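Derivation of every value follows stated rules applied to the coordinates shown; laboratory data play no part. Remember, it's a predicted structure, so these values are computed and weren't measured experimentally. Neighbour counts are summed over all protein chains in view; Cβ atoms, including those assigned to glycine, are modelled from backbone coordinates with ideal geometry.
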C-alpha cells in the first residue's frame, strides 16, 4: 500500500513537471500592453515601466497597429542621435530555471534607422544589484509582425529577471529615425533540469521496487 501511494505521488509530480515544461505560464503582467505603461519608479513587478532618453524619443501605448487586442507598445526616435526608448518589467525567478522572453514586433519605418536591443538583466532583490545580463538580441523588425525569442538559464544568486525591450541610436545614421511596435509579450519559466531529473529518478525507483515486490 505504501509503495502504491509513493508511485501515485511520483506519477502526479511527473505529470505536473511535464505540463510545466510544455505549457509554462506567462509570468508577465499586461503582456499585450492593454493597460497603460508607467514611468513612476519602483516597484517594477506587475507592470511595464517605460523609459526614454528625453526629447526626440518616446515610449507609450498605441492603438495604431496592435497585433491583438486594442493596444500595443510604440517606441519611437525622431531624428535624434545617441538616444534610446524602451520598456521593462521585473519577474521573480529561481536560479537554475530555464526562461524564455518572447513577443512580437513590427516597424512601419522604411528605412528603420535605429537598433533594437532585447535582453534579460539578472538581479538580486536583497542587494538591489544587477548580477549579470544576457547579450543583447538584435533582431530587425519588418513591416509585418514577426516573433522574437530570447532563451536563457537563470544564474546563481538571482531572484529577479528584468526583461527589457529597447531601441537606440548610438550607431548607424544618418537619420537616426524610426518607430517600432511591440505586442503579445511573454516570459515563461520551466523547472531547473536538476528538479526534473530527481522526479525521473523517483519514477524509475518506483518501477524497480514494484518489480522486486512482485518477484518476492
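As a footprinting exposure proxy, order 68, 62 by other Cβ within 10 Å, with the fewest listed first.
68, 62
Using only C-alpha positions, report the orientation-averaged shadow area of the convex hull of the range 26-193, nm², one decimal. Mind showing how you got there, number by number?
Numbers: hull surface 37.2 nm².
Answer in nm², one decimal: 9.3.
Return 105, 176 ranked ascending by Cβ neighbour count within 10 Å, so the fewest neighbours appear first. Mind showing how you got there, number by number?
Numbers: 105 26, 176 21.
Going from least to most buried by this count: 176, 105.
Restricting to the range 37-127, what percent of DSSP beta bridges are antiparallel, rounded to 5? Mind dumping the intermediate values first?
On the way: 10 of 12 bridges.
Bridges in the range 37-127 that DSSP calls antiparallel: roughly 85 percent.
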